[in-house]
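Novice: Handing you this structure, nothing more for now.
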Amino acid sequence: SAFSSPFRYSSSVACPPPAELAGEWTLNLQDSYGDGWNGAAIRVSNDGVVTDYTITAGATGEYTVMVPEGKLFTFTFISGAWDSEVTYQITDNNGNVVADHGPTPSTGGIKLTVDFCE
């Protein structure tokens with residue numbers, strides 16, 4: 001018989017990007033008040049190497065991120081002081097917007113419209 005527990009266990013599955021999605025992706029960041037993201041950031045984990053992207057001052061920021069083939073790669077939104085001012089888009093190497101969130105994006109892992117595990 002199966003083990004029965006009063007606790008619920010969950011885990012995330014991370015899959016590496018396939019060859020057709022490897023390459024330069026773009027992060028477009030906006031702040032509606034124009035004073036930067038106030039501590040908020042998009043955290044990119046590239047095969048264990050973590051980099052945070054943010055707007056330190058001003059209303060917009062654009063970054064290019066190299067998405068590798070066959071290595072674990074994730075995006076996470078880190079909350080700041082004024083998330084109600086924050087919006088962002090993530091565009092893949094083919095020019096498709098794969099995430100468009102805000103204002104007040106959800107904290108945690110960023111769900112993309114493309115699934116690396118397919």
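The values are calculated or read from the model by the stated rules, or taken from the named source; none is laboratory data. Predicted, not measured: the structure shown is a model, and the values here were computed from it. Because the Cβ atoms are built from the backbone with ideal geometry, glycine has one as well, and the counts that use them run over all protein chains shown. To get the accessible areas, we keep the full protein, side chains included, count just its heavy atoms, and leave off ligands, DNA and RNA. Shrake-Rupley method; radii C 1.70, N 1.55, O 1.52, S 1.80 Å.
Novice: I'd like to check something: does the stretch 59-68 contain any residue that is of a type in the set (Gly, Ala, Ser) and open to solvent by 80 Å² or more (accessible area, probe 1.4 Å)?
Specialist: No, because not a single residue in the stretch 59-68 is of a type in the set (Gly, Ala, Ser) and open to solvent by 80 Å² or more (accessible area, probe 1.4 Å).
Novice: Anything in the stretch 21-36 that is in contact with a Phe, Trp or Tyr (Cβ under 8 Å, 6 or more places away or on another chain) and aromatic (Phe, Trp, Tyr)? List them, or say none.
Specialist: Listed by number, the list holds a single entry, TYR33.
Novice: Working only within the stretch 42-58, note down all residues that are in a strand (DSSP E or B) and surrounded by fewer than 20 Cβ atoms within 10 Å (Cβ to Cβ).
Specialist: ARG43, SER45, ASN46, VAL49, VAL50, THR51, ASP52, TYR53, GLY58, listed by residue number.
Novice: Step by step: first the residues of the stretch 81-90, then only those that are crowded, with 18+ Cβ neighbours inside 10 Å and either among the small types (Gly, Ala, Ser) or under 11 Å from the mean Cα position of the chain (by Cα) (or both), then the one that is nearest to PRO16 (Cα to Cα). Which residue is that?
Specialist: Step by step, filter the stretch 81-90, then rank; the result is ILE90.
Novice: Determine which single condition ASP100 fails, assuming it passes every other condition in (1) in contact with a helix residue (DSSP H, G or I) (Cβ under 7 Å, 6 or more places away or on another chain); (2) in a strand (DSSP E or B).
Specialist: Of (1) in contact with a helix residue (DSSP H, G or I) (Cβ under 7 Å, 6 or more places away or on another chain); (2) in a strand (DSSP E or B), only one is false for ASP100: (1).
Novice: Take the stretch 21-65 and flag every residue that is over 16 Å from PRO105 (Cβ atoms) and either touching a helix residue (DSSP H, G or I) at 6+ places or on another chain (Cβ under 9 Å) or in contact (Cβ under 8 Å) with a residue 40 or more places away in the chain (or both).
Specialist: Of everything in the stretch 21-65, those that are over 16 Å from PRO105 (Cβ atoms) and either touching a helix residue (DSSP H, G or I) at 6+ places or on another chain (Cβ under 9 Å) or in contact (Cβ under 8 Å) with a residue 40 or more places away in the chain (or both) turn out to be LEU21, ALA22, GLY23, GLU24, TRP25, THR26, GLY34, ASP35, THR64, VAL65.
Novice: Hey, THR26 hits all of (1) surrounded by 13 or more Cβ atoms within 10 Å (Cβ to Cβ); (2) of a type outside the set (Phe, Trp, Tyr); (3) in contact with a Ser or Thr (Cβ under 7 Å, 6 or more places away or on another chain); (4) not in a strand (DSSP E or B) but one; which does it fall short on?
Specialist: (4)
Novice: Would you please name the residue that is farthest from ILE90 (Cα to Cα), looking only at residues in the stretch 27-47 that are over 11 Å from the mean Cα position of the chain (by Cα) and among the hydroxyl-bearing types (Ser, Thr, Tyr)?
Specialist: The residue in question is TYR33.
Novice: Using beta carbons and a limit of 8 Å, which pairs, at least six apart or on different chains, have the first residue in the stretch 91-113 and closer than 23 Å to SER32 by Cα and the second one modelled with pLDDT under 95 and open to solvent by 80 Å² or more (accessible area, probe 1.4 Å)?
Specialist: Filtered contacts from the stretch 91-113: VAL97/THR113; VAL98/THR113; ALA99/LYS111; ALA99/THR113; GLY109/SER12.
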